[in-house]
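The values are calculated or read from the model by the stated rules, or taken from the named source; none is laboratory data. Keep in mind that this is a model prediction, so the values were computed, not measured. For neighbour counting, all protein chains shown are included, and Cβ atoms are generated from backbone atoms with ideal geometry for every residue, glycine included. Accessible surface is based on the protein model in full, side chains and every heavy atom, while ligands, DNA and RNA are left aside. Shrake-Rupley method; radii C 1.70, N 1.55, O 1.52, S 1.80 Å.
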Amino acid sequence: DPRHKRVNPFLYRRDEMRACWQQIAAPLLFIAAEESEHYRRIREVFTVDKLGEDFRDVQLAIVQEAGHMLHLEQPERVAQLIRDFVGQ
């Protein structure tokens, strides 16, 4: 099946995803890793204003000295961000 050669098992349609994201009513903590290749490529999207176009109530946290596996590289920092967010 040629669909198994895709990155995802389904076609990614950003407009459909945005419609879903905009329905999220709960506050969202968006954590990004400063040294992640993904973050470096689309850094301009990782702003509260830009994320606010897709999510109703979003907070942004950038973890320094961390790459793609930020939860393994900076576990204490990630855990503290989550604790602080949940405690609000």
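Note on region 17-43: residues that are of a type in the set (Val, Ile, Thr) and either assigned to a loop (DSSP other than H, G, I, E, B) or open to solvent by 80 Å² or more (accessible area, probe 1.4 Å) (or both) amount to 2. Residues of region 33-47 that are at pLDDT 90 or above and touching a Lys or Arg at 6+ places or on another chain (Cβ under 9 Å): 34 alone. Within region 34-52, residues that are among the acidic types (Asp, Glu) have Cβ atoms under 6 Å from residues that are surrounded by fewer than 11 Cβ atoms within 10 Å (Cβ to Cβ) in these pairs: 34/64, counting only partners at least 6 apart in sequence or on another chain.
Each residue in region 70-88 was checked for being of a type in the set (A, V, I, L, M) and free of Cβ contacts under 8 Å to residues at least 12 places away in the same chain, and 3 of them qualify.
The residues of region 44-83 that are in a helix (DSSP H, G or I) and touching a strand residue (DSSP E or B) at 6+ places or on another chain (Cβ under 9 Å), listed by number, are 48, 51, 70, 71, 73, 77, 78, 81, 82.
Here residue 54 meets each of (1) open to solvent by less than 90 Å² (accessible area, probe 1.4 Å); (2) more than 13 Å from the chain's Cα centre (by Cα) with one exception, condition (2). Here residue 76 does not qualify as surrounded by 12 or more Cβ atoms within 10 Å (Cβ to Cβ) and out of contact with any helix residue (DSSP H, G or I) (no Cβ under 6 Å at 6 or more places or on another chain). Just one of (1) open to solvent by 100 Å² or more (accessible area, probe 1.4 Å); (2) modelled with pLDDT of 95 or more fails for residue 14. It is (2).
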